[in-house]
Amino acid sequence: MKKISIVVPVYNVAEFLPACLDSLVQQTFRLQDYEVILVNDGSTDNSAQICQDYVKRYPALLQLLTKENGGLSDARNYGLARCQGQYVLFIDSDDYVERKMLERMYDLTNQGTKRLVECNFVWEYADHQRLDQRSGYSSLQDYLVNGRVVAWNKMYQREWLLQTKVEFPKGKLYEDQNFFFKLVLFLKDINEIAVDTQAEVHYRQRSDSISYAQASKISDIFWIYQDIIDYYQQHDGERYYSEIQYRFCRNLLGNVLLRKVRPLSDRQQKKMLVAQVWQKIDQWFPDWKKNHYLRQPGKVNWYLRLVRPRLTQILLAI
């Protein structure tokens with residue numbers, strides 16, 4: 001059995017793909033101990049040819065799977081079902097990683113006993129970089145509140161992941177949130193998680209990426225959160241009510257409204273999304289203003305304590 005499988009969904013990323021693949025084949029980890037599963041998700045540019053060229057050069061390391069376009073989640077699920085490693089990572093094909101990433105992360109698995117290992121990373125913008133850094137978490141509650149809700153900075157114990165039956169939701173944005181919050185329910189203790197304090201992944205922020213391009217799918221977050229809430233109710237997740245309430249309200253009123261909705265040019269669309277955000281918060285968390293996490297210091301909590309529907313309309317110029 002390989003120690004690590006890396007699943008790389010590929011869709012129309014010819015410009016960035018070589019840098020990604022170079023970083024994966026040049027790892028300091030023993031070549032015999034890992035595999036890279038490339039999932040060509042119906043690319044229409046030169047991505048498939050680039051993958052084929054690399055497979056010819058590294059036939060013992062790389063495997064190319066080709067399928068009809070189904071989106072990022074579908075490609076990840078497809079690769080997960082076909083990999084063999086003790087641990088599995090999901091790396092986006094327009095990103096790249098440090099040469100010692102696999103070596104450092106696997107060393108933290110405690111001989112394969114950790115459920116997951118996550119690493120720090122760098123947000124790569126066109127004109128600057130930003131380090132996203134954690135040194136660890138004190139509890140699963142702390143992880144729910146402060147954990148990075150992305151799939152591509154984590155290495156998962158594959159058998160455990162398959163046993164949970166948690167998959168990425170097909171055809172939806174914010175798929176990583178669904179995956180992250182559901183998996184936490186299957187962790188018994190924070191010691192099942194290890195944190196690599198090195199910045200291992202370089203995550204490119206591209207204006208033409210899926211998350212930027214599909215403004216009409218911003219409302220997917222409501223489906224995602226409803227699905228997570230239902231899942232928690234079905235899997236004895238009430239013990240994390242305060243953490244989920246705080247994290248969801250913080251994301252809806254912060255990231256979704258200020259970063260996703262505010263840049264939209266369609267005023268009516270913005271107005272509709274703002275109304276939906278407040279309607280969902282009232283429906284799911286009518287007592288959210290009493291959440292004890294709001295009493296913690298910081299600009300975000302100060303904003304959340306003050307924010308009201310009228311204020312969001314002013315901030316979004318509607």
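Which condition number does residue 92 fail, the rest of (1) within 20 Å of the chain's Cα centre (by Cα); (2) acidic (Asp, Glu); (3) within 19 Å of residue 191 (Cβ to Cβ) being met?
(3)
Under 9 Å by Cβ, and 6 or more places apart or on different chains, what pairs join a residue from the stretch 277-297 that is among the charged types (D, E, K, R) with one that is surrounded by fewer than 17 Cβ atoms within 10 Å (Cβ to Cβ)?
Here the result reads 280/226; 289/305; 295/301; 295/305, each pair linking the stretch 277-297 to a residue that is surrounded by fewer than 17 Cβ atoms within 10 Å (Cβ to Cβ).
For the subset of the stretch 1-31 comprising residues that are touching a residue at least 24 places away in the same chain (Cβ under 8 Å) and farther than 26 Å from residue 69 by Cα, which member is surrounded by the most Cβ atoms within 10 Å (Cβ to Cβ)?
27
Check whether at least one residue in the stretch 239-259 is outside the structural domain of residue 146 (by TED's automatic domain parsing) and in a loop (DSSP other than H, G, I, E, B), and report yes or no.
No; the residues of the stretch 239-259 include none that is outside the structural domain of residue 146 (by TED's automatic domain parsing) and in a loop (DSSP other than H, G, I, E, B).
Can you tell me which residues in the stretch 238-273 are at pLDDT 95 or above, charged (D, E, K, R) and more than 13 Å from residue 294 (Cα to Cα)?
Correct list: 238, 239.
Could you please find all residues in the stretch 161-186 being assigned to a helix (DSSP H, G or I) and among the aliphatic types (A, V, I, L, M)?
Residues satisfying the conditions are 161, 162, 183, 184.
On the basis of being touching a His at 6+ places or on another chain (Cβ under 8 Å) and either surrounded by 18 or more Cβ atoms within 10 Å (Cβ to Cβ) or without any contact (Cβ under 8 Å) to a residue 60 or more places away in the chain (or both), does residue 258 make the cut?
Here the answer is no, as residue 258 does not meet what is asked.
The values are calculated or read from the model by the stated rules, or taken from the named source; none is laboratory data. No experiment lies behind these values; they were computed from the predicted model shown. With ideal geometry, Cβ positions are generated from the backbone for all residues, glycine too; neighbour counts draw on all protein chains shown.
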